[in-house]
1. How big is the accessible area of HIS46 in square angstrom, nearest 10, if you roll a 1.4 angstrom probe over the protein chains?
2. Tabulate in residue order the Karplus-calculated ³J(HN,Hα) for region 272-284, using 6.51 cos²θ - 1.76 cosθ + 1.60 with θ = phi - 60°, rounded to whole Hz; enter x for Gly and Pro.
3. Nothing charged except the Cβ atoms of Lys and Arg (+1) and of Asp and Glu (-1): what's the magnitude of the dipole of the chain about its Cα centre? Round to the nearest 20 debye.
4. Debye sum, Cα scatterers, the chain, no solvent: what log₁₀ I/I(0) at q = 0.11 1/Å?
5. To check you understand DSSP bridge types, tell me what percent of the beta bridges within the chain (both residues inside) are antiparallel, rounded to 5.
6. Would you kindly calculate the mean projected area, averaged across all directions, of the convex hull enclosing the Cα atoms of region 1-141, in square nanometres?
7. Express in Å², to the nearest 10, the accessible area of PHE194 obtained by rolling a 1.4 Å probe over the protein heavy atoms while all chains stay in place.
8. Through the Karplus equation 6.51 cos²θ - 1.76 cosθ + 1.60, θ set to phi - 60°, convert the phi angles of region 12-24 into ³J(HN,Hα) values in whole Hz; use x for Gly and Pro.
Amino acid sequence: MTYFNLFSNILATKGSTRILISDLQRNTSELYPLELYEIIVELKSHSIEDMMRNYDAESQEIIQEYLNLLLEKEYGFISKNDWDRNFPPLSYEYYEPSTITHIFIELEEISVLNTIKSSIENLGIKHLVIYYLKALTAQELIEIDETFKTSVLSGIEIFSPFHRDVDLSFIQVIQQNTVRIYSLIFYNCPQSPFKAKNEFRFSLRFLKDELQLSACGKVELKYFNTNISKVLEAINHNSCLYKKIGIDKNGTIKNCPLMAESFGNIHISNLEEAIHQPGFKKYWDLTKDYIETCKDCEFRYVCTDCRAYTEGNEKNKADLDISKPLKCGYNPYTGEWKDWTKNPLKKKRFNSLALK
Ligand code: SF4
């Protein structure tokens, strides 16, 4: 007898019409027909020969083709006499020691960072994302980095409007004088000032368009992520809001700067108090398995969520919004993608949310 052994790092997610096989070691995901899911499940409890016996000649040929595919893709291997017991299932538990991992700030004045610095330390925040509303000078970028010189904060991502002083020497100064900035994005840039290769410690991008905060939350294939820690987070928690905190340009503390609900203001309270406010963590454990439509989607563990822009038509018993993200044009029941902005109902809902 021969047995098919699926490698522990292979995650098969069943959707309504297709399955997604994610290789959590190689950070890749590929789509396959739904019937492959049943074959994978059957191969876990039957030898290949026993399984084949249950099918007619035509189906056996199809199963053999799928087996060849699973081997070719290195999703598993065949053993003789018994399953190989050296590949126990991977634990899908997720543990994150920090109280908060990410903070997202819509910033007008750098001095605000000094107001929240001690909270960043207390909460063990690792990533800071700044959406700056004014043009940043090189000195200000260095000042931001230096604010967290001896901090637990390990990475800073900055979105800033482009201005004419940003050229190669400007970027070289940032390169020489910062350690925590890992991503710099200049928006509103009609033309890149130079061709950026991979020569900098941080990633550097120049975006032509005006970047509005409301552009966040787009669901597209290019944003999907098969990184194992992101996938485990998505299996256990809300992939957008778990251990995240946001501050809008008025200093209002929120789950994300785009959400309406407020949990205080940094000018009169602090982040530690905010996270203990009733309701601050209410979305943290809302996984996509509980979100309408997403729960039937094969992308649900590699796709990010958005609770700021939703279709807004479903609530659960705890009064949580469990409707599908508004900026998703995928229909898992047909397997088709459509441009969500061409849907008049979604467009109307977006405009009404953006005005709030
Ligand atoms: S339906 Fe859209 S938002 Fe929901 S999991 Fe699928 S791709 Fe993501």
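1. Accessible area of HIS46: about 60 Å².
2. Values, residue by residue: 4, 5, 4, 6, 9, 5, x, x, 4, 9, 5, 9, 4 Hz.
3. Value, rounded to 20: 1080 debye.
4. With one equal scatterer per Cα and no solvent, log10 I(q)/I(0) is -0.87.
5. Taking every DSSP beta bridge with both residues in the chain, the antiparallel ones total about 45 percent.
6. For region 1-141, averaging the hull's shadow over all directions gives 13.6 nm².
7. 30 Å²
8. Those phi angles translate into 9, 10, 8, x, 6, 10, 8, 10, 10, 9, 10, 9, 6 Hz.
The values are calculated or read from the model by the stated rules, or taken from the named source; none is laboratory data. Fair warning: this is a prediction, and the values are worked out from it, not measured in the lab. For neighbour counting, all protein chains shown are included, and Cβ atoms are generated from backbone atoms with ideal geometry for every residue, glycine included. Note: areas computed on protein heavy atoms with side chains; ligands, DNA, RNA excluded. Shrake-Rupley method; radii C 1.70, N 1.55, O 1.52, S 1.80 Å.
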